[in-house]
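The values are calculated or read from the model by the stated rules, or taken from the named source; none is laboratory data. Because the structure is a prediction, the values reported are computed rather than measured. Glycine also receives a Cβ, built like all others from the backbone with ideal geometry; neighbour counts cover every protein chain displayed. Quick note on the areas: whole protein, heavy atoms, side chains included, nothing else; ligands and nucleic acids left out. Shrake-Rupley method; radii C 1.70, N 1.55, O 1.52, S 1.80 Å.
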Amino acid sequence: MKSTTRGTLAAVVTGVAAAMGAAAVTPAVAAEKVPVPVPLDGVGRALNLQTPKIAGELPVPMPGGPEGPRYVEGRLLPDQAVPRLPVGAGLPGAGLHTPLPNLVDGFDHLGADAPAADLTTLTPGLAVDTPLSAPNPDHYGLPDLKLPQAAVLGPLLKTVPGANVGMGEGA
């Protein structure tokens, strides 16, 4: 092998190794929303008319970490035996922009936009307590009897959706 061939091969191998190293260091970033276009251009060309422009957004759910156990004085078990898991996502969004025939002077398109709204959720949980109390020093360290307790913690949903509708000039 000639020295120029070896030098060229070494440069190519070094460049590939550097590119692979740089790619390995770059972290992957997850998308929060996935766009969903609705292709209607073919219909407009086939029928020779203006078609509406429709697009949407679908949120990607991201699980969060559950809250740790909360110990309460006088109880043998933690407050939430089955913790609630938070999941952050959103409501899907949509956008519509459609041409109108000249029904009213000055208005020739209608647009509606409902952006994706943040949604905060918590899964159901369970809180239970044993039928024994904490050790009682008045009874030589033995626990007292009490009624068992159980509670189902319902799911939680919080969001603030919104939408805009408008008419105006333009295509």
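Within the range 49-68, count every residue that is assigned to a loop (DSSP other than H, G, I, E, B) and either open to solvent by less than 90 Å² (accessible area, probe 1.4 Å) or more than 21 Å from Ala150 (Cβ to Cβ) (or both).
Here the count works out to 10.
Every residue, every condition in (1) open to solvent by 60 Å² or more (accessible area, probe 1.4 Å); (2) modelled with pLDDT of 80 or more; (3) of a type in the set (Gly, Ala, Ser), yes or no:
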site: Pro101; (1), (2), (3): yes, no, no
site: Asp105; (1), (2), (3): yes, no, no
site: Thr121; (1), (2), (3): no, yes, no
site: Gly125; (1), (2), (3): no, yes, yes
site: Asn136; (1), (2), (3): no, yes, no
site: Ala151; (1), (2), (3): no, yes, yes
Checked against (1) open to solvent by less than 100 Å² (accessible area, probe 1.4 Å); (2) assigned to a strand (DSSP E or B), Val165 satisfies every condition except (1)
request  = Test Gly74 against the stated conditions and say whether it is at positive phi, open to solvent by less than 50 Å² (accessible area, probe 1.4 Å) and touching a strand residue (DSSP E or B) at 6+ places or on another chain (Cβ under 6 Å).
outcome  = yes
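Matching residues to (1) at pLDDT 80 or above; (2) under 28 Å from the mean Cα position of the chain (by Cα):
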{"residue": "Val12", "(1), (2)": "no, no"}
{"residue": "Met20", "(1), (2)": "no, no"}
{"residue": "Ala24", "(1), (2)": "no, yes"}
{"residue": "Val38", "(1), (2)": "yes, yes"}
{"residue": "Ala46", "(1), (2)": "yes, no"}
{"residue": "Gly56", "(1), (2)": "yes, yes"}
{"residue": "Tyr71", "(1), (2)": "no, no"}
{"residue": "Val82", "(1), (2)": "no, yes"}
{"residue": "Pro92", "(1), (2)": "yes, yes"}
